[in-house]
Structures are given as structure tokens and as C-alpha cells.
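Chemist: My questions will all concern the structure given below.
Just so you know, all these numbers are worked out from the coordinates, no wet-lab data involved. The structure displayed is predicted, hence computed values, not measured ones. Positions of Cβ are backbone-derived with ideal geometry, glycine not excepted, and every protein chain shown enters the neighbour counts.
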Amino acid sequence: MSRLVVISNRVSAGGGAQGGLAVALSAALRANGGIWFGWSGEVTEQFTGHINFQRTDGVATATVDLEEQDVEEYYNGYANRTLWPLFHYRIDLAEYERSFAGGYERANQRFAETVLPLIEPEDVVWVQDYHMIPLGRELRKRGIANRIGFFLHIPWPPRRLLATLPEAAALVETLFAYDVIGFHTQEWLDSFLDFVKAELDAEIVGENLIRWQGHTIRLLACPIGIDARAFEDMARSQKARRAYEKVRSSLVGRSLIVGVDRLDYSKGLEERFLGYERFLEENPEVRKSVVLMQIAPPSRGAVESYQRIRSSLEGLAGRINGAHAGLDWVPIRYVNQGYPRDVLAGVYRAARIGLVTPLRDGMNLVAKEYVAAQDPEDPGVLILSRFAGAASQMPQALMVNPYSAEEMSDAIRRALAMSIHERKERWKATVQDVLERDVMWWLETFRDALEQKESAPEEILTIKA
Ligand code: GDG
């Protein structure tokens, strides 16, 4: 198998506290050699392209520092204030600034320039996510003829929303430099195709196959998974059990509803609190028998919309607790910090309900982690937003529209009343897919597509005819 060169904004190889993606990519890099390249997260006065090489747990990494202006315009700017809100359907929050677009282009040119000497002729190159859409094009301009793939971890927006971005067509066209473009779901892939058909001069030459200036590009719907077996084991570990016991004893017999999300407006936290408030109001007889624990470690604090959501949530949690709490019960435990993964696993297992209600999410790994952490003899119920990519793989979850407080309230009531038989049936169907399509499945599926050279589209059409 060819060596793999992974390129992503941040590099997180090695260490015990990694998420599933880092575990899988590290495993692939360890097995076949290769290198993981990206931004160090550090700022330098003047960009020099100096590469910091490291080897962590057998994985080679190469990182580069960026200038303050790059970080402002590329990372805090175009990536997090333009593309992230736009791709999550929030054009009300998206900021369109030429300086952001310019900084994004410049940073991607710098990444391409820096990684170039590390790529060997037989390598396959895999670029990750929205920070680096034009990177493939920049590598091609510099003569790289290797197979290059791109995977988008966030949704692809509907074309009429995307069209609000001034340079949308030019940006999307840069994706044609790749050999394979991966999305989590068919829905995101279809939205991409929609835009291409309406706005760009490319031919659709087969199912999920595009031809542009003599080059064939394969589109792939390939949902990311978690390191499911390891997560299951983690949920039974001693540290997880300690967390489980601690949480359970603090509940004094009440049922726990858990939410775990980066503090981000796409995760629907305000709507979730309002849905829970509705449940409290509509169900006076059972309301004191539940507690909502929302774990929400802050993220992207340099961006104003993230500061706003933080204070708005604090206000909401305060208001709901103020209105409903009693001497011995507080309805929401709002925790603004992160925990180690094994502690999270124990908390998931202690929760009767996993409340995963993003307004829009490429996939959502918390839904899968919650399911993997459950006790097979007494599994909890997953309440899942129909707008998360994960919904397409988890039809046995209780599906809700996160914009509807009433639907959320109904789902909580239904989950609390659900018989053990129904809980087990639903959980079994859901966990099976979580285990089968885990993160290694995702990696291998994408990689197979990337390694496989397309036949010329003319041949494909002939065969079909
Ligand atoms: C993007 C896409 C897509 C959360 N709090 C803590 C903690 N976490 C971990 C969770 C989970 C991860 O962070 C979050 O993953 P999500 O998938 O939910 O969301 P994003 O961060 O927005 O990720 C998303 C993903 O990329 C992969 O393609 O699914 O749609 O938006 O693993 O457990 N981890 C620890 N402590 C915490 O307090 N250790």
C-alpha cells in the first residue's frame, strides 16, 4: 500500500487522549509510513516555512508556524467566520471580507509550498476539511501529479445559500484538482452536485463522477465513524466506572439526560435548553425526576459569535434554573469545561438519555459515542436531530426537529417512559452500525476509492450502454 500524506489544519498524533479520527489516521500512518502535516497552532513573527518534524508514538508529523495575520484572516477569518457559518446554513452569521479570502488563499499557498518537498511520487495525499479546500489546486500548480483526495467534515450547504459567497464558483472549482471528494452523507454530496450542475462548467459523466478539463473526479458519500470497540472498552474501564458512580450517586435516583458539545452555535444548545424548559413546564409530575447535564467546553473564543452564544447560554441556564430549581434539585447542570474521554464514556453510560440536537452537523460523533458507551442490559435512549449527518445511519434513534421545543419535550417524555424491551431493540439496531462502520471502515473506504484510478468516463459510458 502507498505511503499516506495527511494534511489538515491541526495535527494531533500520539498521546492517550486522542479522538477517533486521530487514532485512525495515526494507525494508518504507523502501518504504511507517511507523514501528517499541518499548522502547529503557533504564531511566528515572519513566515519562514520552517518545518518542525516530530515522531510521536511511531507517527511522523510535520508542522509549520503561521503569522499573526494568517491566523486572523485564514483561521479566525475565512475558516471560522465565513465558511463555518455558511456551510452550517447560517448566512446571518457569515462574514464576507476580501481580506479573509485573501488570507485563506495565502495560507493555503504557504501550506502547499511547505509540504511540497515532503511528498514522494508514489504517495497518496489526503487533505482534510474546509480549512484547506484550495490546497489540492495549489499542489497541482506546483507539479504534484499524485492521487489527491479531499474529505469535508462539515455539511455542504444548499446551492442558493452557497451562491451568497462572492467567490463561491472559483472556490468550488478548486476542488476539481482532487481525484476523490468525500462527504459524510448522500445529502451533502447531492447539494454539492446541485451547485456544480447549476453554476460550473463541468460534465456529470456517471454516477457520482464529474469530468472537468480532461480530469475525472469521483464523489463519495462515506460517513465517518468512531473507534467503536475501543470506546466500548473505555466505557467499562475503571476511570469510566468511577465517573459513572460519582454521577449516579449525585442523582439520588433521578434520570440523567446528557449533552456533550463544543460550545458552538451549530450544536443547537439554546434550542436544546428551550426544549428542556418546555418539558419541565409540560410535565410537572415527572420534572423533578430528571437532570440535564450539558458539558460544553468553550471553543473558538476569539470569534465574537462564540462569545455571544456563551453568554446567551449562561443567561438561559440561569433563568431556567432560577425558575424551576428547588432546595434539593437543580434542573440543568451546565458545565463549561472539557473532560478526559474515559470520564465522558462513564457519563454517557450513566445517562438514561443522550440528547444530541444540532441544528446542522456534518456527522456528529457524540451520538455514536453515546451509543457505544451503553450497558447492553440497560441501554439509554438516543434523541437525535434529523439535521445531523448521523441521522441517516441511526433510524432507530428518537428523531427530533431541534427547532421545535414541543418535539423535544415529547421525545424526552417518550424516552423516559420507554420500556426496557424497546430500549434494547432500538439500541441493538443502532450499535450494530456504529460497530460496523467505525473509523477504520471510513478510512479504508475512502482510501480504497483514492487508490483506485478511474477508468476514462467514455469507457464507463460504453459499458453502461
Ligand atoms: C466536526 C463536524 C463531524 C466534546 N467535549 C469533550 C470532548 N468532545 C469530543 C466528543 C467528540 C468530539 O469532541 C466532537 O465531535 P463532533 O462530531 O460532535 O463535532 P465537531 O467537533 O463539530 O466535529 C462533525 C466531525 O468533525 C468528524 O468528521 O462529526 O459533524 O462538525 O468526539 O467526544 N472530548 C473530550 N472532552 C470533552 O469535554 N475529551
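Chemist: Consider just the alpha-carbon atoms of the stretch 222-310 and return their Rg together with their Dmax, both in angstrom.
Modeler: 16.4, 44
Chemist: Could I ask something else about it? What are the principal axis extents of the Cα atoms in the stretch 99-140, in Å, biggest first?
Modeler: Sorted from largest, the Cα extents of the stretch 99-140 read 36, 18, 13 Å.
Chemist: Separate question: Quick check: convex hull of the Cα atoms in the stretch 138-183, volume per residue, rounded to a whole Å³? It would help to have the intermediate numbers written out before the result.
Modeler: Values: hull volume 3.6 nm³, N = 46.
Convex hull volume per residue, Cα atoms: 77 Å³.
Chemist: Translational diffusion coefficient, Stokes-Einstein: compute it for the stretch 135-260 using the Kirkwood radius over C-alpha pairs as Rh, at 25 °C and 0.890 mPa s, and state it as an integer in µm² s⁻¹.
Modeler: Working: Rh = 17.9 Å.
For the chosen part, D equals 137 µm²/s.
Chemist: Looking only at the stretch 228-436, where both bridge partners belong to it, what percent of the DSSP beta bridges are antiparallel (to the nearest 5)? Display every interim value, and only then the final one.
Modeler: Numbers: 1 of 22 bridges.
DSSP beta bridges in the stretch 228-436 are roughly 5 percent antiparallel.
Chemist: Which whole-percent values make up P(r) of the stretch 1-144 when all C-alpha to C-alpha distances are grouped in 10 Å steps starting at zero?
Modeler: All Cα pairs, binned at 10 Å, distribute as 12, 40, 35, 13, 1 percent.
Chemist: If you take the alpha carbon radius of gyration of the chain and divide it by 2.2 N^0.38 Å, what ratio comes out, to two decimals?
Modeler: In units of the globular-protein estimate, the chain measures up at 1.01.
Chemist: Moving on. Dividing the alpha-carbon Rg of the stretch 61-123 by 2.2 N^0.38 Å yields what? Don't skip to the end; give the middle numbers.
Modeler: Details: Rg = 14.0 Å, N = 63, 2.2 N^0.38 = 10.6 Å.
Taking the Cα Rg and dividing by 2.2 N^0.38 Å, one obtains 1.32.
Chemist: Also: Tell me the Kirkwood hydrodynamic radius of the stretch 69-208 in angstroms, computed as one over the mean inverse distance between distinct C-alpha pairs. Before the final figure, lay out each step's value.
Modeler: Values: mean 1/r = 0.0646 Å⁻¹.
When all Cα pairs of the stretch 69-208 are included, the Kirkwood radius is 15.5 Å.
Chemist: So, one more: If I fit a long axis through the Cα atoms of helix 420-436 and take the longest principal axis of the Cα atoms of the chain, what angle between them do I get, 0 to 90°, rounded to 10?
Modeler: On a 0 to 90 degree scale, this one is about 20.
Chemist: Which value results for Rg/Rh of the stretch 352-419 when Rg is the Cα radius of gyration and Rh the Kirkwood radius based on the inverse mean 1/r?
Modeler: Details: Rg = 11.3 Å, Rh = 11.9 Å.
That ratio equals 0.94.
Chemist: In Å and whole numbers, how far do the C-alpha atoms of the stretch 256-350 stretch along each principal axis, longest first?
Modeler: If we take the Cα atoms of the stretch 256-350, the spans are 42, 30, 22 Å.
Chemist: Please compute the length gained on full extension between D328 and A170, using 0.36 nm multiplied by the number of residues separating them and subtracting their Cα-Cα distance.
Modeler: Details: separation 158, 0.36 × 158 = 56.88 nm, distance 5.87 nm.
That works out to 51.0 nm of additional length.
Chemist: In whole Å, what are the Cα extents of the stretch 296-384 along the three principal axes, biggest one first?
Modeler: Largest to smallest, the principal-axis extents are 41, 38, 24 Å.
Chemist: If you bin every alpha carbon distance in the stretch 228-436 into 5 Å steps from zero, what whole percent lands in each bin?
Modeler: P(r) for the stretch 228-436, in whole percents per bin: 1, 8, 16, 21, 22, 18, 10, 4, 1, 0.
Chemist: Once you have the Cα-Cα distance between S311 and R242, take 0.36 nm times their residue separation minus that, and quote the gain in nm to one decimal. Each step should come with its number before you reach the end.
Modeler: Values: separation 69, 0.36 × 69 = 24.84 nm, distance 3.17 nm.
Taking 0.36 nm per residue and subtracting the Cα distance, the gain is 21.7 nm.
Chemist: Bin width 5 Å, alpha-carbon pairs only: give the P(r) of the stretch 298-347 as whole percents, running from 0 to the bin holding the largest distance.
Modeler: Cα pair-distance distribution for the stretch 298-347, in percent: 4, 16, 19, 17, 18, 19, 5, 1.
Chemist: What translational D, rounded to a whole number of µm²/s, comes out for the stretch 344-389 from Stokes-Einstein when the hydrodynamic radius is the Kirkwood one over Cα pairs, at 37 °C and 0.692 mPa s?
Modeler: For these conditions, the coefficient is 307 µm²/s.
Chemist: Treat the count of other C-beta atoms within 10 Å as a stand-in for reagent exposure and order M394, M1 from fewest to most. List each step's numbers first, then the result.
Modeler: Values: M394 23, M1 11.
Placing the least packed residue first, the sequence is M1, M394.
Chemist: For the stretch 319-448, how big is Rg over Rh, using alpha carbon atoms and the Kirkwood form of Rh? Walk me through the intermediate numbers first.
Modeler: Values: Rg = 15.8 Å, Rh = 16.0 Å.
Here Rg/Rh amounts to 0.99.
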